[in-house]
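See structure below.
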Amino acid sequence: KKKRNFFLRMKTSETKTRSLVKSITFRILATVTTMLISFILMGNLEFSLKIGPTDFVSKAILYYIHERLWSINYLNNIPTKKFLKMITWKIIALTITIVTTLSFTANVDFAFTLGTLDSLSK
């Protein structure tokens, strides 16, 4: 017998298409927000245009995976599911913003400032 992929065997509460649409639409809005905040803080359009695509791609992929994992039916019984889902995404997104910013600027203070403001704005 062939072993089926773990993700294919999961019973979920939302469709893959819905997860994908949520991921893309949220990422567009969130990426524009990140670019705007970075431009306001740094005043550097070139940096803002660099961080945007990297932020979009990395977070879109991880957000889709995050949505699929949290849509597993047995997780629906967790009383604090919405809160835990939000907190786990905030931690993932904050980490990505900080790491991405550090890779472009090597400025720790700016990376943490942008990461914090970006996280609080969404």
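The values are calculated or read from the model by the stated rules, or taken from the named source; none is laboratory data. What you see is a predicted model; the values in this text were computed from it and never measured. Cβ coordinates were reconstructed from backbone atoms using ideal geometry, including for glycine residues, and neighbour counts include every protein chain displayed. For accessibility, only protein heavy atoms count, side chains too; no ligands or nucleic acids. Shrake-Rupley method; radii C 1.70, N 1.55, O 1.52, S 1.80 Å.
In the range 28-122, which helices (runs of 4 or more DSSP H) lie fully inside it and hold 3 or more residues that are out of contact with any helix residue (DSSP H, G or I) (no Cβ under 9 Å at 6 or more places or on another chain)?
81-105
So, in the range 65-102, exactly how many residues are among the small types (Gly, Ala, Ser) and either in contact with a strand residue (DSSP E or B) (Cβ under 7 Å, 6 or more places away or on another chain) or without any contact (Cβ under 8 Å) to a residue 24 or more places away in the chain (or both)?
1
Listed here are the residues, each with its yes/no results for (1) at pLDDT 90 or above; (2) open to solvent by 40 Å² or more (accessible area, probe 1.4 Å).
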site: Arg9; (1), (2): no, yes
site: Glu14; (1), (2): no, no
site: Ser48; (1), (2): yes, no
site: Thr80; (1), (2): no, yes
site: Met86; (1), (2): yes, yes
site: Thr95; (1), (2): yes, yes
site: Thr100; (1), (2): yes, no
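Collect the residues in the range 62-78 that are closer than 18 Å to Val32 by Cα and modelled with pLDDT under 90, keeping them in residue-number order.
Tyr63
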